[in-house]
Amino acid sequence: MLAAFACVFPATAGAASGGLSPDDPAYKPAAKAKLVNGKAIPPRDAPPAVVKAIEAANRIVEKPYRYGGGHGKVEDSGYDCSGTVSYALIGAGLLKTPMPSGSFTNWGKRGRGKWITTYANGGHMFVMIAGLRLDTGGRDATANGRPGSGPRWMTSARSSQAYSLRHPSGF
């Protein structure tokens, strides 16, 4: 009788995990980007849209903080929090026009993404891309600037309490 079940339910390497294998690339955690002189270097295995988001954000890091910056026009002299996140997502082809932080509370899919996660509430937002935080309200020594000094990459996480976590489908 046991042999009959073995034919119907063959043993697999992932049987103990419900058929999922930690070696399956779809479930492997995303690699982390590196931070070099304030610019993010994407991981080698990052999807093209993630690489484009990082490249776009690198173009605006070190620009000053400017309330409303990045909303009236995408290419701007300074950026606020949602203008910064919008710029990166537009560069990746994941967003068509800039949005305010409150609108990001319902954008994309719920929860953390594998590569990109937005953290938004009605007053502030930031994004994690390939393990690095892109934020205008930095409190991280790697930010090369003062808190709130404008778009910066940071290696430290920030509390997600009071934020809506969302991600683009597939990322």
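For the peptides 81-90, 116-125, the ranking by packing is 81-90, 116-125, with the highest mean count of neighbouring Cβ atoms within 10 Å listed first. The stretch between E55 and K73, if pulled fully straight at 0.36 nm per residue, gains 4.6 nm over its current Cα-Cα span.
Whole-Hz Karplus values for the range 40-48 come out as 8, 10, x, x, 4, 8, 5, x, x Hz, taken residue by residue from phi with 6.51 cos²θ - 1.76 cosθ + 1.60 and θ = phi - 60°; glycine and proline positions read x.
A simple spin-label model places the labels of R66 and A31 3.6 nm from each other, with each point 7 Å out along Cα-to-Cβ. Considering only the other residues whose Cβ falls under 11 Å of the Cβ of P43, what net charge follows from Lys and Arg at +1 and Asp and Glu at -1? Neighbourhood net charge equals +2.
Is the shape of the range 32-167 best called rounded, prolate or oblate, per the rule: a/c under 1.5 gives rounded, else a/b larger than b/c gives prolate, else oblate, with a ≥ b ≥ c the square roots of the Cα gyration tensor eigenvalues? The shape class here is rounded.
A crude spin-label estimate for the pair Q161 and S103, with each label 7 Å from Cα along the Cβ direction, gives 3.0 nm. Which residues does a label at R44 reach in the range 108-140, if reach means a backbone N under 20 Å from a point 7 Å past the Cα toward the Cβ? Within reach of a label on R44: 115, 130-132.
Quick one: net charge around L89, please, counting Lys, Arg +1 and Asp, Glu -1 for every other residue with C-beta under 14 Å from its C-beta.
+4
Laboratory data are not the source of any read-out in this text; all were calculated from the coordinates shown. Please read these numbers as outputs of a predicted model, since none were measured by experiment. Using ideal geometry, Cβ is built from the backbone for each residue, glycine included, and neighbour counts are taken over all protein chains shown.
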